[in-house]
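The values are calculated or read from the model by the stated rules, or taken from the named source; none is laboratory data. All values derive from a computational prediction rather than experimental measurement. Positions of Cβ are backbone-derived with ideal geometry, glycine not excepted, and every protein chain shown enters the neighbour counts. Heads up: the accessible areas ignore ligands, DNA and RNA and are worked out on the full protein's heavy atoms, side chains in. Shrake-Rupley method; radii C 1.70, N 1.55, O 1.52, S 1.80 Å.
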Amino acid sequence: LEADRQNRELISNISHDLKTPITAVKGYVEGIMDGIADTPEKMDRYIKTIYNMSIEMDHLINELTFYTKINTNRIPYTFSKVNVQNFFEDAAEEIRYDLTSKNIAFDYQNTVGRDVQVIADVEQMRRVINNIIGNSVKYMDKPDKKISLRVRDAGEEIEAQISDNGKGISSKDLGNIFNRFYRADSSRNSTQGGSGIGLSIVKKIMEDHGGRVWASSVEGEGTTMYFSLRKHVA
């Protein structure tokens, strides 16, 4: 019964989140057909909006497809020895480039030793980071938007912290955010998009890596997401 309820909720969430960009695309296409976009500037704005909405729909569909695969253990992980410094430096460069284009300040610090390694699937660990960062960006509400990535040595583990100065998460919702399809403040999510499965994908990937993921948050101040992996001992 619970699985059936969750499946119905997933379909409802995805349907709702696809309806928003589809409605926008239809509206802008009709505007072009009716001649409302009667200047090169308007036409350019309409086309860019249609393109961005198409990207959002593509992302939602890809997220659902990936979730279905990972939840039925059909993702073929490719584990290898990964140098922690090199991996996060590369990830930080990609994050900085993306956030700069969104006018979000980014800060990165890594205090893990140069020779520390973990066993991980690089592609899926990047998905973990991107899902967390994407969630932070979605709920930014400050004029000066900030996200930071900290990586530190935690004894037998390495620990990454991704912090933002967004809306924060209430204490009643914080314990559920990694659950499948959970959407804290559904009214807010409906305007921002998001199927409610991004963080559950993060949790599943970290569990499959033998790692952990958790969060802390203060409403109105921001949220910090943590994830950790055991060090590889040669």
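Quick rundown of the values:
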item: Length added when fully stretched, Val122-Tyr97, from 0.36 nm per residue minus Cα-Cα; result: 7.1 nm
item: Calculated [θ] (222 nm, deg cm²/dmol) that DSSP helices of n ≥ 4 give over the chain, each run adding -39,500 (n - 2.57); result: -17500 deg cm²/dmol
item: Debye intensity ratio in log₁₀ form over the Cα atoms of region 66-113, taken at each q of 0.23, 0.27 Å⁻¹; result: -0.84, -0.89
item: Per residue convex hull volume, Cα atoms of region 7-70, in Å³; result: 61 Å³
item: Exposure ranking of His209, His16 by accessible area [1.4 Å probe, largest first]; result: His16, His209
item: Gain in span if fully extended, Asp144 to Thr111, counting 0.36 nm per residue against the direct Cα distance; result: 9.3 nm
item: Ellipsoid semi-axes in whole angstrom, largest first, where each is sqrt(5λ) of the Cα gyration tensor of region 88-129; result: 22, 14, 6
item: Three semi-axes of the equivalent ellipsoid, the chain, Cα gyration tensor, whole Å, largest first; result: 33, 22, 18
item: Ranked order, Val233, Val29, Val116 - accessible area, probe 1.4 Å, largest first; result: Val233, Val29, Val116
item: q = 0.11, 0.14 Å⁻¹: log10 I(q)/I(0) that the Debye formula gives for region 1-110, counting C-alpha atoms only; result: -0.66, -0.92
item: Given charges at Cβ of Lys, Arg, Asp, Glu: region 1-99 dipole, positive-most of Ile75, Ile95, Ala3; result: Ala3
item: Part-to-part distance (alpha-carbon centres) for region 213-234 and region 106-155, which is given in Å; result: 9 Å
item: Theoretical FRET efficiency, 1/(1+(r/R0)^6), r = Cβ-Cβ of Thr39 and Ser12, R0 30 Å, to 0.05; result: 0.15
item: Chain lengthening between Val29 and Asn62 when straightened (0.36 nm per residue, less Cα-Cα); result: 9.5 nm
item: Label-point separation, Arg230 to Arg5 (7 Å along Cα→Cβ), nm; result: 3.5 nm
item: Accessible surface of Asp144 - all protein chains present, 1.4 Å probe, nearest 10 Å²; result: 110 Å²
item: FRET efficiency estimate (nearest 0.05) - Cβ-Cβ, Asn73 to Arg152, R0 30 angstrom; result: 0.45
item: Residues of type lysines that Lys19 reaches as a straight line, Cα spacing below 21 Å, ignoring anything fewer than 8 places off in the same chain; result: Lys48, Lys138
